[in-house]
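Each remark here refers to the structure printed beneath this line.
The values are calculated or read from the model by the stated rules, or taken from the named source; none is laboratory data. Just so it is clear, the model here is predicted, and its values are computed rather than measured. Methodologically, a virtual Cβ is constructed for each residue, glycine included, from the backbone with ideal geometry; neighbour enumeration extends over all protein chains shown. Accessible surface is based on the protein model in full, side chains and every heavy atom, while ligands, DNA and RNA are left aside. Shrake-Rupley method; radii C 1.70, N 1.55, O 1.52, S 1.80 Å.
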Amino acid sequence: MDNKTIPAGLKTDTAYFGEGCFWCTEAFFQRLNGVYEVNSGYGGGHVPNPTYEQVCDKNTGHVELAQIIYDPKVVSFDELLEVFWKTHDPTTLNQQGADVGPQYRSVIFYTNEEQRQKAEAYKLALDKSGAFNKPIVTAIEPFKNFYPAENYHQNYYNNNGDAPYCRFVIRPKLEKFEKVFKNKLKPGVE
């Protein structure tokens, strides 16, 4: 599930999603057909080139973020939004499970007006549907910045699948994800 080389001349688009720990987010989106790269990083804050430790100190304004580079002819932004909304709890402010702090807030950073409109419409429809018992707190904000996380955070689940956090937190979520999205997975992902 490493990042694939993007073919020369292929027109890609980019999405920026924060849904808690970027290790989980990265693992989900890496498995989607049409996604070429998923990079873990930090975004939305005011400190240039922050470190993991700075972000964890909760003073940079950054969130843990996944940069998703995809082929819109294979997977649409709407489909990416569907994965986003179904793979985390968008009703908890600054928290996903045991991960607590502003760096874990639920956020979509849009890069153009179409992404903003789609994200807002999906959020509104979900709220009206009663899909969640509490209101959705996901922020939808203009893209501001993205700084790649340290190398040891990249491709984390695939490189550390036997680590306790991967086994007990990510793997069960990933197994559920692969069942729900089996028709959207890259060939060979089971």
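For D89, the conditions (1) out of contact with any strand residue (DSSP E or B) (no Cβ under 9 Å at 6 or more places or on another chain); (2) in a loop (DSSP other than H, G, I, E, B) are fulfilled apart from (1).
For residues that are in a helix (DSSP H, G or I) and touching a Ser or Thr at 6+ places or on another chain (Cβ under 8 Å), scanning just region 108-156, find the one that is surrounded by the most Cβ atoms within 10 Å (Cβ to Cβ).
First, pick out the residues of region 108-156 that are in a helix (DSSP H, G or I): 113-129, 151-153, 156.
Narrowing the set further to residues that are touching a Ser or Thr at 6+ places or on another chain (Cβ under 8 Å) leaves 123, 153, 156.
Working: K123: 19, H153: 19, Y156: 21.
Taking the candidates together, the pick is Y156.
Restricting to region 28-45, what's the tally of residues that are within 9 Å of the chain's Cα centre (by Cα) and either part of a strand (DSSP E or B) or modelled with pLDDT under 95 (or both)? Reasoning before the result, please.
Filtering region 28-45 down to residues within 9 Å of the chain's Cα centre (by Cα) leaves 28-29, 38, 40.
Within this subset, residues satisfying the condition of being either part of a strand (DSSP E or B) or modelled with pLDDT under 95 (or both) are 38, 40.
Residues in region 28-45 being within 9 Å of the chain's Cα centre (by Cα) and either part of a strand (DSSP E or B) or modelled with pLDDT under 95 (or both): 2 in total.
The set of residues from region 159-190 being basic (K, R), assigned to a helix (DSSP H, G or I) and over 15 Å from E82 (Cα atoms) comprises R167, R171, K173.
Screening the candidates T14, T60, T25 for the property of being surrounded by fewer than 23 Cβ atoms within 10 Å (Cβ to Cβ), at pLDDT 95 or above, of a type in the set (S, T, Y) and not in a strand (DSSP E or B) yields one hit, T60. The residue pairs whose first member lies in region 174-190 and is open to solvent by 80 Å² or more (accessible area, probe 1.4 Å), whose second member is part of a loop (DSSP other than H, G, I, E, B), and whose beta carbons are closer than 8 Å, counting only pairs six or more residues apart or on different chains, are P187/N33.
Going by what's in this entry, would G97 be described as under 20 Å from P172 (Cβ atoms), over 12 Å from the mean Cα position of the chain (by Cα), modelled with pLDDT under 95 and surrounded by fewer than 23 Cβ atoms within 10 Å (Cβ to Cβ)? In short, yes.
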